[in-house]
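Enquirer: For reference, the structure I am asking about is given below.
The values are calculated or read from the model by the stated rules, or taken from the named source; none is laboratory data. From a predicted model like this one, the values you see are computed outputs, not experimental measurements. Glycine also receives a Cβ, built like all others from the backbone with ideal geometry; neighbour counts cover every protein chain displayed. Surface areas here come from the heavy atoms of the whole protein model, side chains and all, with no ligands, DNA or RNA. Shrake-Rupley method; radii C 1.70, N 1.55, O 1.52, S 1.80 Å.
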Amino acid sequence: MQNQVALAKTIKDVFNTANPTPLPSGDPRYVDCTNVRGDEDAVEQLFRVITWSDQLRTTQLFTGHRGCGKSTELLRLRQRLEDAGYTVVYFEADDVIDVEDIVYSDILVAIARQVYQELQTKKVPLDQELLDEIFAWFAERVLEYENASSASIALEAEMGAGISKLFSPLAQLLAKLTGQLRTSIERKQQIRQRLDPQIAQLIEKINALLRDGILKLRKQGQQGLVIIVDNLDRIPFRLLDDGKRNVHDFLYIDHGEKLAACECHVIYTVPIAMFYTPQSAQLTSIFPDKLILPMIKTHTRTAQTNEFWGPGMEALRAMLGHRIDLESIFTQDALELLCRESGGHPRILMMLVRNAASFATNRFPKPIDANAVERAVNRLVSDYSRAIPEEHFALLAQVHQTKQVKNDDDHRLMLHNLSVL
């Protein structure tokens, strides 16, 4: 039985409850939008690939517009997999590494750290000789300590003897490594230069850890290990120095096979622009299992809004109704305008509500009226107008008329920046 939440009845409470953060599994504010997202249950699809596979490893890509609800669905998936007997390592990439400047080896190192940390937390009895070997490899080959002993002494000195005893040497080393990849430009480049010629060895070390972990987990009655790497869809779209390739293709196509080499079940979130590229066939050959989380449908292709409180609009209304006392807060026309102008995008809907709350001047009988919503919409329009490059306006007009997105860099950038949904 899900816990009930107190519905917001004041402007301050509305502002706070419309905070557009992912919802944990079982949260009573969650609204199932499967039937208005194209009748494809994202959690069910991802779950089946993992649980139906005869192998202990699969790799899936999961995408959709930023803010459309991917993280909420992945948190639901994590709970469902754990209920089915899997150990799940879920982490948000931007909490561990710098997604503004990222290469494939950064992701692999982050996976090594998060997997080891999770197995430690669950007190999985990993092979100590293997852990010592992995520690020595990272210490000597990547961080260039003279030997494992000197690395241990240096790490203890950095952390302090009392604190260091709380963490294993490998945990300390991986934390230091990911910290340098996240915060130090100079050290980041040095680490990448050392890893590049040894990438096969890095993958083997990670897989040795995965194999031992999965073996021990299965002895404990677990079904296997699943890694979910969230927020990689936040990687900016930009061209590389040669002007011919972009960072997305470089990561997922040029080096996709390395990301697919982990010997367990892995789900990577990816930018939606990856699926609108001439190289999409190459992407599919590397990652045959992929899924797009569609938007909530509020308009037809002829730009007509679905009949008021048709399925898509009703889902958006329900999202607000699970958080806010709608009868007390919104006039009917204000509520309709909010849902329609969101474009079926959950995060934008919440942003509009927060802005409308800040513009609310009508205190009786209902605080948020159409005037407040229109001001919130105008603020959103202004924000987008400043962010959209001048050369994109003509392209946006073509998209509006043709309802087609071309496979070129400009259109992929528009998808990434949410100027096209």
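Enquirer: How much length would be gained if the chain were fully extended between Asp83 and Ser358, taking 0.36 nm per residue of separation minus their Cα-Cα distance, in nm to one decimal? List each step's numbers first, then the result.
Expert: On the way: separation 275, 0.36 × 275 = 99.00 nm, distance 4.13 nm.
So the chain would gain 94.9 nm between Asp83 and Ser358.
Enquirer: What's the FRET efficiency of Arg192 with Thr121 using the Cβ-Cβ distance as r and R₀ = 35 Å, to the nearest 0.05?
Expert: On the way: r = 28 Å, r/R0 = 0.81.
Computed FRET efficiency for Arg192 and Thr121 comes out at 0.75.
Enquirer: Which whole-Hz couplings ³J(HN,Hα) result when phi for each residue of region 121-137 is put into the Karplus expression 6.51 cos²θ - 1.76 cosθ + 1.60, θ = phi - 60°, listed in order with x for Gly and Pro?
Expert: 4, 7, 6, 6, x, 6, 5, 5, 4, 5, 4, 4, 5, 5, 4, 4, 4
Enquirer: Counting heavy atoms of the protein chains only and a 1.4 Å probe, report the per residue accessible area for the chain as a whole number of Å². Present the calculation step by step, with values, prior to reporting the outcome.
Expert: Numbers: 19650 Å² over 421 residues.
For the chain, the per-residue accessible area is 47 Å².
Enquirer: Pick out, from Ala8, Ser25, Ala42, the residue whose Cα sits farthest towards the positive end of the charge dipole of the chain, with +1 on the Cβ of Lys and Arg and -1 on the Cβ of Asp and Glu.
Expert: Ala8
Enquirer: Mean-square fluctuation check for the chain, GNM, Cα pairs under 10 Å: which of Ile267, Ile296, Ile191 is largest?
Expert: Ile191
Enquirer: Keeping the other protein chains in place, figure out the carbon and sulfur percent of the accessible area of the chain, with a 1.4 Å probe. Numbers along the way, then the final one.
Expert: On the way: 9490 of 19650 Å².
Of the solvent-accessible surface of the chain, carbon and sulfur hold 48 percent.
Enquirer: Additional query: Region 182-238 to region 243-298: how many Å between their Cα centroids?
Expert: Rounded to whole Å, the Cα centres lie 17 Å apart.
Enquirer: Taking amide hydrogens as modeled 1.01 Å from N in the peptide plane, which residues meet the under 5 Å criterion relative to Ile267, leaving out close sequence neighbours?
Expert: Correct list: Gln60, Ile227, Ile228, Val229.
Enquirer: Students often forget the sequence filter, so: which lysines lie under 19 Å Cα-Cα from Lys219 once same-chain residues fewer than 8 apart are removed?
Expert: Qualifying lysines at Cα under 19 Å: Lys122, Lys123.
Enquirer: Using alpha carbons only, how many degrees (0 to 90, rounded to 10) separate the axis of helix 332-341 from the longest principal axis of the chain?
Expert: 50
Enquirer: Fully extended, how many nm does the chain gain between Met159 and Thr183 (0.36 nm per residue separation, minus their Cα-Cα distance)? Mind dumping the intermediate values first?
Expert: Numbers: separation 24, 0.36 × 24 = 8.64 nm, distance 1.75 nm.
Stretched fully, the Met159-Thr183 segment lengthens by 6.9 nm.
Enquirer: A further question on this structure: Take every Cα pair under 8 Å in the chain that's 6+ residues apart, average their separations, divide by the length, and report that relative contact order as a whole percent. Walk me through the numbers before you get to the answer.
Expert: On the way: 581 pairs, mean separation 111.4, N = 421.
Rounded, it is 26 percent for the chain.
Enquirer: Now, a different point. Report Rg/Rh for the chain, rounded to two decimals, where Rg is the Cα radius of gyration and Rh the Kirkwood radius. Working shown, then result.
Expert: Values: Rg = 23.8 Å, Rh = 23.7 Å.
With Rh from the inverse mean 1/r over Cα pairs, Rg/Rh is 1.01.
Enquirer: Also, I was wondering about something else. Which pairs, out of Lys9/Lys70; Lys188/Lys290; Lys258/Lys297; Lys12/Lys188, put more than 32 Å between their alpha-carbon atoms? Write out the running numbers ahead of the final one.
Expert: Values: Lys9/Lys70 28 Å; Lys188/Lys290 30 Å; Lys258/Lys297 36 Å; Lys12/Lys188 43 Å.
The answer is Lys258/Lys297; Lys12/Lys188.
Enquirer: Multiply the residue separation of Asp39 and Asp289 by 0.36 nm, subtract the distance between their alpha-carbon atoms, and state the gained length in nm to one decimal. Kindly include the intermediate steps, with their values, before the conclusion.
Expert: Values: separation 250, 0.36 × 250 = 90.00 nm, distance 1.82 nm.
Full extension from Asp39 to Asp289 adds 88.2 nm.
Enquirer: Where both residues lie in the chain, what percent of DSSP beta bridges are antiparallel, nearest 5?
Expert: Numbers: 2 of 24 bridges.
For the chain, the DSSP antiparallel bridge percentage is about 10.
Enquirer: Let me ask another. In nm, to one decimal, how far is the Lys216 label point from the Lys403 one, both placed 7 Å along Cα→Cβ?
Expert: 5.5
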